[in-house]
Amino acid sequence: VAPLRANLASALCAHEKYKEAEAEYEKALAVARGAGDRRVEANVLVNLANLYDGELNSPEKAREFRQALADLRSGGTRSQAMQAPSGSAPCAICLEALDPAGDSRKPVVVLPCRHAYHRDCWDGCLAS
């Protein structure tokens, strides 16, 4: 499903529908991450960075996606620099509540896209 959404986003870009493409890339990214498909996730991160660098003229967002790509490739995240959004959804992997402060029992990892997971859950997905 993620590659199909990414292909749709690419087609939208070809028709200069950049905001719609942005939304489809975001959906593709969420699906790829949920499925643990690191290859598709990396491709979508590159496309989002390029979209923000070019048509959407947001270099800061482009840097965030490029950093997420670097983190994905190195196996790490930038959780220490980010906090879980308040009122966030439960961990999408184990479905347990997240503590935005990241208590020591279940530390929270927050990705540049602002999706939050328990560190153990996220690390387990990356390892598989």
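The values are calculated or read from the model by the stated rules, or taken from the named source; none is laboratory data. It should be emphasised that the depicted structure is a prediction, and the values quoted were computed from it without experimental measurement. Using ideal geometry, Cβ is built from the backbone for each residue, glycine included, and neighbour counts are taken over all protein chains shown.
Would you pick out the residues in region 57-86 that are at pLDDT 55 or above, assigned to a loop (DSSP other than H, G, I, E, B) and either surrounded by fewer than 12 Cβ atoms within 10 Å (Cβ to Cβ) or aromatic (F, W, Y) (or both)?
Let us first name the residues in region 57-86 that are at pLDDT 55 or above, namely 57-75.
Adding the requirement that they be assigned to a loop (DSSP other than H, G, I, E, B) leaves 57-58, 75.
Hits for region 57-86 are N57, G75.
Looking only at region 93-101, decide whether some residue is modelled with pLDDT of 85 or more, over 21 Å from V1 (Cα atoms) and not in a loop (DSSP other than H, G, I, E, B).
For region 93-101, residues modelled with pLDDT of 85 or more, over 21 Å from V1 (Cα atoms) and not in a loop (DSSP other than H, G, I, E, B): absent.
What tally of residues in region 30-48 results from selecting those that are assigned to a helix (DSSP H, G or I) and closer than 18 Å to S74 by Cα?
Within region 30-48, the subset assigned to a helix (DSSP H, G or I) is 30-35, 38-48.
Still in the list and also closer than 18 Å to S74 by Cα: 32-33, 38-46.
Looking only at that region, the number is 11.
If I filter region 114-128 down to residues being surrounded by fewer than 16 Cβ atoms within 10 Å (Cβ to Cβ) and at pLDDT below 80, which single residue comes out as farthest from E24 (Cα to Cα)?
S128
What is the residue count in region 24-41 for residues that are of a type outside the set (F, W, Y), surrounded by 15 or more Cβ atoms within 10 Å (Cβ to Cβ) and free of Cβ contacts under 8 Å to residues at least 40 places away in the same chain?
Residues flagged as of a type outside the set (F, W, Y), surrounded by 15 or more Cβ atoms within 10 Å (Cβ to Cβ) and free of Cβ contacts under 8 Å to residues at least 40 places away in the same chain within region 24-41 amount to 8.
Just one of V40, V31 is outside the structural domain of W122 (by TED's automatic domain parsing), modelled with pLDDT of 85 or more and in contact with a Pro (Cβ under 8 Å, 6 or more places away or on another chain); which is it? Working first, answer last.
On the way: V31 fails: in contact with a Pro (Cβ under 8 Å, 6 or more places away or on another chain).
Of the residues listed, the single one that is outside the structural domain of W122 (by TED's automatic domain parsing), modelled with pLDDT of 85 or more and in contact with a Pro (Cβ under 8 Å, 6 or more places away or on another chain) is V40.
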